[in-house]
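> Next up is a structure, given as structure tokens.
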Amino acid sequence: PVNTAVSLQDIYINRGEMSFHGLELQGNWVPTPHLFLSASTTYQTNESEGKEDYSTVPNWMGKFGVSYEFAKGSSIGVFNSWFGQAHDVAIKYPKTKHVNPEPDAFNLMTFNLKLNLKKWVGWPVTIDAYVYNVLDEDIYTPEFGRSRINSLPAKQGRGGYVGVQYQYD
């Protein structure tokens, strides 16, 4: 016979209460028609069952980005999201095994380049180049779902992507 028993630990359930307190600041600035700047920062704390930072979410997060359109349909942009160190899942689950790297603060930077070739060589072609995780950071997140191990890989390493669009007249 097959054992189909499921532990309550293996199921996501809502129980208890959690309090969150925080502050978010955000701003965008367009100093010229071609330049766009964006930034934000967030701070939060949480509490449940008498324990602070129970949710494992970092207290601090921040984002910054710049985009510049240097010709009609052509632009370049760099955006970075910074996440502070996540809290140890052992706060919530004391019996968690520490087998993977501890989730640390990390940057998740992206780069995007869009070139409209019609402007320079007359071809009805647009090329998009995108780089994800520019800094090639190893990104781990607390494994709070099953509570058996401390962390899991959360994002891929550096990746590059290129796209080509042809505009039919």
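> Can you pull out the residues in the stretch 1-48 that are hydrophobic (A, V, I, L, M, F, W, C) and modelled with pLDDT under 95?
Across the stretch 1-48, the qualifying residues are V2, A5, V6, L8, I11, I13, M18, F20.
> Just need a number here: residues in the stretch 140-169 that are assigned to a strand (DSSP E or B) and open to solvent by 70 Å² or more (accessible area, probe 1.4 Å). Outline the logic, then answer.
Just the residues of the stretch 140-169 that are assigned to a strand (DSSP E or B), to begin with: 140-142, 149, 151-153, 159-166.
Retained after the next criterion (residues that are open to solvent by 70 Å² or more (accessible area, probe 1.4 Å)): 153, 161-162, 164-166.
Total satisfying the criteria: 6.
> Okay, next question. I'd like the full set of residues that are touching a Gly at 6+ places or on another chain (Cβ under 8 Å), within 11 Å of S74 (Cα to Cα) and modelled with pLDDT of 90 or more, limited to the stretch 114-133.
Correct list: K114, N116, K118, T126, I127, D128.
> Inside the stretch 81-101, can you point out the residues that are under 13 Å from the mean Cα position of the chain (by Cα), open to solvent by less than 30 Å² (accessible area, probe 1.4 Å) and either farther than 13 Å from T141 by Cα or of a type in the set (D, E) (or both)?
S81
> Out of all the residues in the stretch 59-96, which are modelled with pLDDT of 95 or more, under 30 Å from S19 (Cα atoms) and not polar (S, T, N, Q)?
Of everything in the stretch 59-96, those that are modelled with pLDDT of 95 or more, under 30 Å from S19 (Cα atoms) and not polar (S, T, N, Q) turn out to be W60, M61, G62, K63, F64, W82, F83, G84.
> Being out of contact with any strand residue (DSSP E or B) (no Cβ under 8 Å at 6 or more places or on another chain) and either aliphatic (A, V, I, L, M) or open to solvent by less than 90 Å² (accessible area, probe 1.4 Å) (or both) is the filter here, so list the residues in the stretch 14-33 that pass it.
The answer is T32, and nothing else.
> Which pairs turn up if I take residues in the stretch 35-51 that are closer than 14 Å to M61 by Cα and without any contact (Cβ under 8 Å) to a residue 60 or more places away in the chain and look for partners that are of a type in the set (D, E) and open to solvent by 50 Å² or more (accessible area, probe 1.4 Å) with beta carbon separation below 7 Å, at least 6 apart in sequence or on another chain?
Going by the 7 Å Cβ cut-off, the qualifying pairs are S40/E24; T42/E24; T45/E52.
> For residues that are touching a strand residue (DSSP E or B) at 6+ places or on another chain (Cβ under 6 Å) and open to solvent by 50 Å² or more (accessible area, probe 1.4 Å), scanning just the stretch 116-139, find the one that is nearest to T56 (Cα to Cα).
Checking each candidate, the answer is L135.
> Here's a follow-up. Regarding Y161, is this residue among the aromatic types (F, W, Y) and closer than 20 Å to F64 by Cα?
Answer is no for this residue.
> Check F70, F83, F106 and return the single one that is touching a residue at least 24 places away in the same chain (Cβ under 8 Å), closer than 30 Å to V164 by Cα and among the hydrophobic types (A, V, I, L, M, F, W, C). Break it down stepwise before answering.
Working: F83 fails: closer than 30 Å to V164 by Cα; F106 fails: closer than 30 Å to V164 by Cα.
It is F70.
> Within the stretch 102-135, which residues are more than 18 Å from the chain's Cα centre (by Cα) and assigned to a loop (DSSP other than H, G, I, E, B)?
Listed by number, the residues that qualify are L117, G122, W123, P124.
The values are calculated or read from the model by the stated rules, or taken from the named source; none is laboratory data. Computed from a predicted structure; not experimentally measured. Reconstructed Cβ throughout: ideal geometry from the backbone, glycine too, with neighbour counts over all protein chains shown. When the accessible area is computed, the model is the full protein with side chains, heavy atoms only, and any ligands, DNA or RNA have been set aside. Shrake-Rupley method; radii C 1.70, N 1.55, O 1.52, S 1.80 Å.
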